[in-house]
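Heads up: the structure comes next, in structure tokens.
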Amino acid sequence: MHIEVSPLHRHPVARLRSGPVAVVLAMVAALALTVGIAPRAAAAPGSTTGFDLPFSGAPAFERVAPPKLTDPSQLNRPLGPAAADRVAAAIGLSPKDALSEQQYRALLTGGGIGGSRDAAKIIDACLLILTNTTGRPMFGDSVVGSYGLYVDAQGMLQSPANASAPTRQVNSLIAPGGYVGTRLRNNGATDSLIALYRSAYTIEVPFGFVAQQMSGTAQLVTNTKAGLTSTVGMSMAPPLWIVNFALLYIVKPSLAAAMPAYWAPIPQPVAAAITASPDGQVPYSKYASYFE
């Protein structure tokens with residue numbers, strides 16, 4: 001993977017958190033929750049990715065998100081350590097911001113002050129789902145990370161943003177004042193938490209929040225570029241991918257390095273089936289041949 005990045009301000013949030021796009025998206029999010037409005041996607045100014053707002057995220061960081069694959073060999077390819085460090089630098093993070101090995105192990109086992117095994121299980125499941133790339137299969141040897149999909153333990157294919165997915169349920173744990181923040185502060189990882197909030201994570205969260213509110217049960221997103229329209233799971237849209245990347249990088253950089261380096265269009269019959277499903281899930285066994 002080749003990512004073009006340029007030096008950013010040491011604390012990009014200081015520059016962009018009050019920017020007009022981020023502020024507008026945050027206001028739209030509040031409005032959507034308050035009065036039940038479903039805002040429409042709009043063309044992203046200067047976007048070259050094919051995603052519309054809010055699915056394109058903050059314009060300053062679009063370029064660090066995975067591009068659409070151009071060769072079959074790129075399918076489900078992980079970022080790799082060097083590319084992960086470049087992305088981290090572009091969004092305001094560095095390896096020194098990550099948890100120590102001891103802190104990482106405690107987080108994943110529910111140990112330490114205020115630890116919870118139930119919360120740890122959700123977090124661990126999220127790490128598996130978001131790193132479902134080559135060499136890291138899930139249920140039924142499925143590897144569908146580039147499509148923005150995953151297969152759960154019951155064999156159901158779905159978006160990681162599906163309401164039933166650990167990657168959606170974790171939102172309450174990572175919310176400000178929630179389990180993760182409180183636990184990091186109580187276990188000597190305040191510096192990591194501050195680094196996360198100073199990064200592009202804080203800028204992208206409102207975009208991702210609104211995108212999820214707009215996307216119904218299926219939690220898929222449409223991309224249109226050069227006259228070609230395709231569909232991918234929400235987790236591969238720039239703001240969601242960047243938010244997840246920042247979280248994984250803080251937890252352990254090697255995990256972020258295992259995230260998908262490219263996104264791939266979901267085969268049309270599969271996307272149609274997920275969209276038509278009342279719960280946004282379909283049996284993987286029925287559609288596995290589309291991914292072979």
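The values are calculated or read from the model by the stated rules, or taken from the named source; none is laboratory data. Every value quoted in this text rests on a predicted model; they were computed, and no experiment measured them. In this analysis, Cβ positions are derived from the backbone assuming ideal geometry, glycine residues included, and neighbour counts consider all displayed protein chains. Note: accessible area is taken over every heavy atom of the protein model, side chains too, but ligands, DNA and RNA are not part of it. Shrake-Rupley method; radii C 1.70, N 1.55, O 1.52, S 1.80 Å.
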Two-site label geometry, S172 and D141: point separation in nm, points 7 Å out along Cα→Cβ:
3.8
With a 10 Å radius around each residue's Cβ, average the other Cβ atoms per peptide and rank 251-259, 112-120, highest first.
251-259, 112-120
Where does each of 224-231, 181-188, 99-106 land if you order them by average Cβ count within 10 Å, highest first?
181-188, 99-106, 224-231
Accessible carbon and sulfur surface of region 72-290 relative to its total accessible area, %, 1.4 Å:
57
Dipole size in debye (nearest 20) for region 72-290 around its Cα centre, Lys and Arg Cβ +1, Asp and Glu Cβ -1?
160
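Quote the FRET efficiency, to the nearest 0.05, computed for S73 versus T190 with a Förster distance R0 of 41 Å and r equal to the Cβ-Cβ distance. Show your work: numbers first, answer last.
Numbers: r = 42 Å, r/R0 = 1.03.
The value I calculate is 0.45.
Can you tell me the length gained on complete extension of the stretch S285 to A226, counting 0.36 nm per residue apart and subtracting the Cα distance? Each step should come with its number before you reach the end.
Values: separation 59, 0.36 × 59 = 21.24 nm, distance 3.31 nm.
Length gained, S285 through A226: 17.9 nm.
With every protein chain left in place, what is the accessible area per residue of region 72-290 in square angstrom, probe 1.4 Å? Show your work: numbers first, answer last.
On the way: 8650 Å² over 219 residues.
On a per-residue basis, region 72-290 sits at 39 Å².
Working with all protein chains in place, sort L149, L75 by solvent-accessible area computed with a 1.4 Å probe, largest first. Present the calculation step by step, with values, prior to reporting the outcome.
Working: L149 0, L75 50 Å².
Of L149, L75, the descending order of accessible area is L75, L149.
What percent do you get for the relative contact order of region 72-290 when only Cα pairs under 8 Å and 6+ apart count? Walk me through the intermediate numbers first.
Working: 356 pairs, mean separation 67.0, N = 219.
31 percent.
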